[in-house]
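What follows draws every value from the coordinates through simple rules; no lab data is involved. Keep in mind the model is a prediction, meaning the values are calculated, not measured. Cβ placement follows ideal geometry from the backbone for every residue including glycine, while neighbour counts extend to all protein chains displayed.
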Amino acid sequence: MSARSVMQAVGCAILATVAILPADQAVAADNGIYGRLDVGAAISAGTGGDIFNGTGFGNDFGKTAAFDLGIGATIPVGLNGVDFRGDFTVGYLPSFNGDHSAPNASGATILSTQTNVRTWTAMINAYADIPTGTSITPYVGIGVGGAFNHLGLLAYNFNGTPGATEPGADTTSFAWSGMVGLGYKLSGSATLDLGYRYLDAGDVASSGTVTLANGVTSTQAPVRSRLSAHELTVGVRLDF
């Protein structure tokens, strides 16, 4: 799936999000519609598997910066003192960098490589805001959507000696997330957002086409692992 296709999907999702809003919300200037921008950092969780046996990358994919841009709206329904809102966000995680290694059965040979992963996400999110009667509002949320993961070229070393290369693959997967955070009201239209998000971004995979140091190319099962991450972000929600 190309970057252009991802952006087309993002555009369609934005239109779908706007379309499901009530008509009076879609046209009013003071109806609770907001834009948001968040920046932060993400640390990947362990991937599992064994890279020597091709069952996964092992270790983790490292850490990266995190960026999100979105549009949303409050939902004019409260339940037992809880307020609700939803938004559509596009996220970018530009450079997960991880070190991976594993020995063979005897331990005499260690296979190692580094991964570089770029991830784009498109998510529809729902939140429950818990009013406190102050400028601070805790919230919890969940999100579902899609993730596009690009894995860069893999250079394999055997006991530190270059031995093979393998291109990474592009994968598109279902993604989900869980969020918790605090909103701090800066003014009548601006809210500072401090948040934590757990993101499951689906699979990261190699291509399965391996070229040895002597130039011989072979095909094998791709190495595949799940990419999940813990994110800490700071952002601003601005009412339109």
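Which order, highest average first, do 36-46, 57-67 follow once you tally other Cβ atoms within 10 Å for each residue and take the mean per peptide?
57-67, 36-46
Where does each of ILE71, ILE51 land when they are ranked from fewest to most other beta-carbon atoms within 10 angstrom?
So the residues, fewest neighbours to most, are ILE71, ILE51.
Among ALA164, VAL140, ALA229, which residue has its Cα furthest toward the positive end of the charge dipole of region 3-239, with +1 on Lys/Arg Cβ and -1 on Asp/Glu Cβ?
Of the listed residues, the answer is ALA164.
Fewest first, what order do SER101, SER112, SER106 take by the number of other Cβ atoms within 10 Å?
Arranged by neighbour count, lowest to highest, SER101, SER112, SER106 become SER106, SER101, SER112.
Residues with beta-carbon under 10 Å from that of PRO222, excluding PRO222: net charge, scoring Lys, Arg +1 and Asp, Glu -1?
Within the 10 Å Cβ shell, the charges total -1.
Order these by the 10 Å Cβ neighbour count, fewest first: MET123, MET179.
MET179, MET123
Quick one: compute the contact order of region 3-239, relative version, from alpha carbon pairs under 8 angstrom and 6+ residues apart, as a percent.
Result for region 3-239 is 19 percent.
Using unit Cβ charges (K, R positive; D, E negative) and no other charged atoms, how large, in debye to the nearest 20, is the dipole of the chain about its Cα centre?
Value, rounded to 20: 220 debye.
Could you tell me which of GLY91, THR119, SER206 has its Cα farthest along the dipole of the chain towards the positive end, charges placed at Cβ (Lys, Arg +1; Asp, Glu -1), taken about the Cα centre?
Result: SER206, furthest along the dipole toward the positive end.
Answer with a single label: of (i) 32; (ii) 38; (iii) 48, which was calculated as percent of Cα pairs over 29 Å apart from the structure in view?
Checking each listed value against the structure points to (ii).
Please compute, for the alpha-carbon atoms of region 69-150, the extent along each of the three principal axes and give them in descending order in Å.
So the three principal-axis extents are 63, 22, 21 Å.
Which whole-Hz ³J(HN,Hα) couplings does region 36-48 yield from phi under the Karplus relation 6.51 cos²θ - 1.76 cosθ + 1.60, θ = phi - 60°, glycine and proline marked x?
With the stated coefficients, region 36-48 comes to 9, 9, 10, 9, x, 9, 10, 10, 6, 7, x, 9, x Hz.
Taking the Cα atoms only, what angle lies between the long axis of helix 3-19 and the longest principal axis of the chain, rounded to 10 degrees?
For helix 3-19, the angle is close to 20 degrees.
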